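The values are calculated or read from the model by the stated rules, or taken from the named source; none is laboratory data. Source: prediction; values computed, not measured. Positions of Cβ are backbone-derived with ideal geometry, glycine not excepted, and every protein chain shown enters the neighbour counts. Surface areas here come from the heavy atoms of the whole protein model, side chains and all, with no ligands, DNA or RNA. Shrake-Rupley method; radii C 1.70, N 1.55, O 1.52, S 1.80 Å.
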Amino acid sequence: MGAGHAHQLYRHGHSPVHDLPPHCKLAAVFAFVIVVVSTPREAVWAFGLYALLLAAVAAAARVPAGYLLRRLLIEIPFVAFAVLMPFVAEGERVHVLGLSLSVSGLWGAWNVLAKGTLGVAASVLLASTTELRALLLGLQRLKLPPLLVQIASFMIRYGDVVSDELRRMSVARRSRGFEARGVRHWGVLAKTAGALFIRSYERGERVYLAMVSRGYAGSMPVIDEVSASRAQWAYAAALPVTALAVCLMGWTL
């Protein structure tokens, strides 16, 4: 399997986190997110400890705080949704700075912000310390359905190809004096989208025929086998196991 290029989210480095096998990191992040989601929203202190755990992982991976915070901007739409919840939710109301806010809405907003931010931060750390190709190998090692892994591999490989095709079409339009200024030009943009779809479909057919001619029979050959030692599994399990202990404390207190 080769999904070949480094993604812009990946931060090249040499650290204990970078050196962990990808399937260990995938399992650790998945388990950590499950624990975070399972934590009662009233245990505010627990989410602070989760954040400290992720900060420790980022320090071990040598990922700067500024780099991590910039990547967290992707959750802005969820933040906007959470901010609206206290205003639109029903139930008991409280007055804060002259605003009437729903108590259940405030708890819901906190729940979305805390758990969503921690989940996104864990995912960003995973992407920052693991190449895309390694992630696909890790998913394959974790026995994800091979067809899904192949689809993800082709999406990553040909996403940039399709983007370059769209960019060339845009350059061709501008070189002929076209500039979208309003609704009347939506037809041209729709035709562009249709042409891009047809070209992508035809490219997919050519790639598939090329693969079949080289012996493809529904599964991709595994070029690199990834394995993990008990020590590496134990190192990766430190994050979710510690988080689980915090979660259990949150339920009992």
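Checked against the criteria, ALA134 does not count as in contact with a helix residue (DSSP H, G or I) (Cβ under 9 Å, 6 or more places away or on another chain), assigned to a loop (DSSP other than H, G, I, E, B) and within 30 Å of LEU73 (Cα to Cα).
This table checks each residue for (1) at pLDDT 85 or above; (2) in contact with a Pro (Cβ under 7 Å, 6 or more places away or on another chain); (3) of a type in the set (A, V, I, L, M); (4) over 25 Å from LEU9 (Cβ atoms).
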| position | (1), (2), (3), (4) |
| --- | --- |
| SER128 | yes, no, no, no |
| MET155 | no, no, yes, no |
| LEU166 | yes, no, yes, no |
| ARG176 | no, no, no, yes |
| HIS185 | no, no, no, yes |
| ILE198 | yes, no, yes, yes |
| ARG206 | yes, no, no, yes |
| ALA210 | yes, no, yes, yes |
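The single condition from (1) touching a residue at least 24 places away in the same chain (Cβ under 8 Å); (2) in contact with a strand residue (DSSP E or B) (Cβ under 9 Å, 6 or more places away or on another chain) that ALA114 fails is (2). Note on the stretch 60-105: residues that are part of a helix (DSSP H, G or I) and surrounded by 10 or more Cβ atoms within 10 Å (Cβ to Cβ) amount to 23. Restricting ARG184, ARG230, ARG214 to residues that are closer than 25 Å to ASP164 by Cβ and either open to solvent by 80 Å² or more (accessible area, probe 1.4 Å) or not charged (D, E, K, R) (or both) narrows the list to ARG214.
All but one of (1) in a helix (DSSP H, G or I); (2) closer than 30 Å to ILE198 by Cβ; (3) not aromatic (Phe, Trp, Tyr) hold for GLY177; state the number of the condition that does not hold. Looking at each condition in turn, GLY177 falls short on (1).
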